[in-house]
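Student: This is the structure, below, for whatever I ask next.
The values are calculated or read from the model by the stated rules, or taken from the named source; none is laboratory data. The structure presented is a predicted model; accordingly, all values stated were derived computationally and were not measured. A quick note on method: Cβ atoms are made from the backbone with ideal geometry, for glycine too, and the neighbour counts reach across all protein chains shown.
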Amino acid sequence: MKVAVRVSVAVVIVLAGFLTPAAAQSLRLEDLHVVDWHAHTAGLGYGGSGAFVNEEMRENFRFQFFLRWVGVTERELEAEGDQLVIKRISEYIARSRLVDQLVVLAMDGIVDRNTGLLDERRTQIYVPNDFVAREVAKYPNLLFGASINPNRPDAIERLEQAASQGAVLVKWLPSIMDIDPSDESFIPFYRRMAALNIPLLSHAGMEKSFAHARDELSDPMKLLLPLKHGVTVIAAHMAATGRSEGQDNFERLLSILPAYPNFYADISSLTQINRLGYLVKALNIPWTIDHMIYGTDWPLQHFPVVSPWFHVKHIGLANAWRISGIRNLWDRDVALKQALGVPDHVFTRIVGVLANRVPKPSN
Ligand SMILES: [Zn+2]
């Protein structure tokens, strides 16, 4: 009897020792506030959204994938409006066990320097701020990510407007929107961003989701200017992929990241097939963890772009099997990143103006 008790106690202790890190981690995360800082929407102008996707991108196979991944058809968008995409995101997040809120990103376009107007011919995808602000306001689990091309003559007014609509960040895709973040004429815009405590989420590294891109504008070094003017900057995808001035963009980012406490890098899309290995590499450098922000880059979360099986080398077969069985894509993404070694405090990190709004965990 005594032996049996001792054996079962020993089994429990061994099991507890074996299970505790992962089990405790996911249990704790469930009770904490997790925000996905990087998710996309798009539209075709239905329901008065003002959004568009240009001919080239529409014919491009990527847009058909986008609709399929979002879980809508063009006919549904026509009937219910582009807002259906945002409604779907809210429903997916409501079903997530681990992720509580998500930032839906607007997308400004290329601005014609002569007229100061949107260059509709060269803009590949456009999602207006007003549309995103209006729609996310309907769902408590969604947040407004504004997008303002600083080349617009009224960029600062647009920034004030976005702030009053609850924007938690400004998103840029420099290589797609034709923005050079190191352009000194943007300094007044940066100062206003810093004063409003609105972070800049700027794409860094090569861009592959569009028909064409000016990749030289995605050099992470170009983000030094907003950083120097006090802006909280988040380099998307840890600048993984591509090179600038003969140096790997990821290495370039890591070389400047520790110098700025207001400099972060999001870990969105780092589980994608074209960015394998970067996250594990970054996690091996302990100080990088203090600069990581959680994001998915939804809807780029589906096979063949993302799969836990791509990561067997790092997470093992049992984890790959377990994670591939998780239905909700956000819970699956968190589980995969946890298995790769991302600690809880990365998932719960809140920066900028949003920190004043989200209640601090009581424990
Ligand atoms: Zn993205």
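Student: Right, Ser182: of a type outside the set (Phe, Trp, Tyr), in contact (Cβ under 8 Å) with a residue 40 or more places away in the chain and either under 16 Å from Asp266 (Cβ atoms) or surrounded by fewer than 20 Cβ atoms within 10 Å (Cβ to Cβ) (or both) or not?
Tutor: yes
Student: With respect to the numbered conditions (1) in contact (Cβ under 8 Å) with a residue 24 or more places away in the chain; (2) in a helix (DSSP H, G or I); (3) not acidic (Asp, Glu), which one is the sole condition not fulfilled by Gly295?
Tutor: Result: Gly295 passes all but (2).
Student: If a residue has to be among the charged types (D, E, K, R) and either touching a strand residue (DSSP E or B) at 6+ places or on another chain (Cβ under 6 Å) or within 19 Å of Thr123 (Cβ to Cβ) (or both) to count, how many in the stretch 55-83 make the cut?
Tutor: Matching residues across the stretch 55-83 total 6.
Student: Further, regarding this structure: Limited to the stretch 137-156, what total is found for residues that are assigned to a helix (DSSP H, G or I) and either more than 21 Å from His203 (Cβ to Cβ) or touching a Leu at 6+ places or on another chain (Cβ under 9 Å) (or both)? If you could, list the steps in order and put the result at the bottom.
Tutor: Filtering the stretch 137-156 for residues assigned to a helix (DSSP H, G or I) gives 155-156.
Filter again for either more than 21 Å from His203 (Cβ to Cβ) or touching a Leu at 6+ places or on another chain (Cβ under 9 Å) (or both), leaving 156.
Selection size over the stretch 137-156: 1.
Student: I would also like to ask the following. When Thr296 is evaluated against the numbered criteria (1) farther than 23 Å from Ile89 by Cα; (2) among the β-branched types (Val, Ile, Thr); (3) at pLDDT 95 or above; (4) out of contact with any Gly (no Cβ under 9 Å at 6 or more places or on another chain), which criterion, by number, is the only one it fails?
Tutor: Here Thr296 clears every test but (1).
Student: To continue, here is another question. Assess whether Ala163 counts as being closer than 22 Å to Gly45 by Cα, hydrophobic (A, V, I, L, M, F, W, C) and either without any contact (Cβ under 8 Å) to a residue 40 or more places away in the chain or surrounded by fewer than 21 Cβ atoms within 10 Å (Cβ to Cβ) (or both). Show your work before the answer.
Tutor: Numbers: closer than 22 Å to Gly45 by Cα: no; hydrophobic (A, V, I, L, M, F, W, C): yes; either without any contact (Cβ under 8 Å) to a residue 40 or more places away in the chain or surrounded by fewer than 21 Cβ atoms within 10 Å (Cβ to Cβ) (or both): yes.
Against the criterion (closer than 22 Å to Gly45 by Cα, hydrophobic (A, V, I, L, M, F, W, C) and either without any contact (Cβ under 8 Å) to a residue 40 or more places away in the chain or surrounded by fewer than 21 Cβ atoms within 10 Å (Cβ to Cβ) (or both)), Ala163 does not qualify.
Student: Identify all residues within the stretch 68-78 that are in contact with a Leu (Cβ under 7 Å, 6 or more places away or on another chain), surrounded by 15 or more Cβ atoms within 10 Å (Cβ to Cβ) and either touching a residue at least 24 places away in the same chain (Cβ under 8 Å) or part of a helix (DSSP H, G or I) (or both); write none if there are none.
Tutor: Glu76, Leu77
Student: Against the definition (of a type in the set (D, E, K, R), more than 16 Å from Asp297 (Cβ to Cβ) and modelled with pLDDT under 95), how does Arg75 come out, yes or no?
Tutor: Working: of a type in the set (D, E, K, R): yes; more than 16 Å from Asp297 (Cβ to Cβ): yes; modelled with pLDDT under 95: yes.
Yes; evaluated as a whole, the condition is true for this residue.
Student: Which residues, counting only those in the stretch 294-305, are within 13 Å of the ligand (Cβ to nearest atom) and under 15 Å from the mean Cα position of the chain (by Cα)?
Tutor: Those that are within 13 Å of the ligand (Cβ to nearest atom) and under 15 Å from the mean Cα position of the chain (by Cα): Gly295, Thr296, Asp297, Trp298, Pro299, Leu300, Gln301.
Student: For the structure I just gave you, tell me whether Glu120 is farther than 27 Å from Asn328 by Cβ and modelled with pLDDT under 95.
Tutor: Working: farther than 27 Å from Asn328 by Cβ: yes; modelled with pLDDT under 95: yes.
So Glu120 passes the test.
Each row is one residue, and each column tells you yes or no for (1) in contact (Cβ under 8 Å) with a residue 60 or more places away in the chain; (2) within 16 Å of the ligand (Cβ to nearest atom); (3) more than 19 Å from Met107 (Cα to Cα).
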| residue | (1), (2), (3) |
| --- | --- |
| His38 | yes, yes, no |
| Ala42 | yes, yes, no |
| Tyr46 | no, no, no |
| Gly50 | yes, no, no |
| Glu56 | yes, no, no |
| Phe66 | yes, yes, no |
| Glu80 | no, no, yes |
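Student: If the requirement is being over 20 Å from His203 (Cα atoms) and either among the small types (Gly, Ala, Ser) or out of contact with any His (no Cβ under 9 Å at 6 or more places or on another chain) (or both), which of these qualifies: Gly116, Gly109?
Tutor: Gly116
Student: Now for a different question. If I ask for residues that are in contact with a Lys or Arg (Cβ under 8 Å, 6 or more places away or on another chain), under 14 Å from Asp108 (Cα atoms), away from the ligand (no atom under 16 Å from the Cβ) and assigned to a helix (DSSP H, G or I), which ones from the stretch 157-180 would you list?
Tutor: Arg158, Leu159
Student: Can you tell me how many residues within the stretch 100-136 are away from the ligand (no atom under 16 Å from the Cβ), under 19 Å from the mean Cα position of the chain (by Cα) and part of a loop (DSSP other than H, G, I, E, B)?
Tutor: Final tally of qualifying residues: 2.
Student: Now for a different question. What are the residue pairs meeting all of these: first residue in the stretch 228-250, first residue at negative phi and modelled with pLDDT of 95 or more, second residue aromatic (Phe, Trp, Tyr) and more than 16 Å from the ligand (Cβ to nearest atom), Cβ atoms under 6 Å, and 6 or more apart or on different chains?
Tutor: His229/Tyr190; Val231/Tyr190; Val233/Phe263
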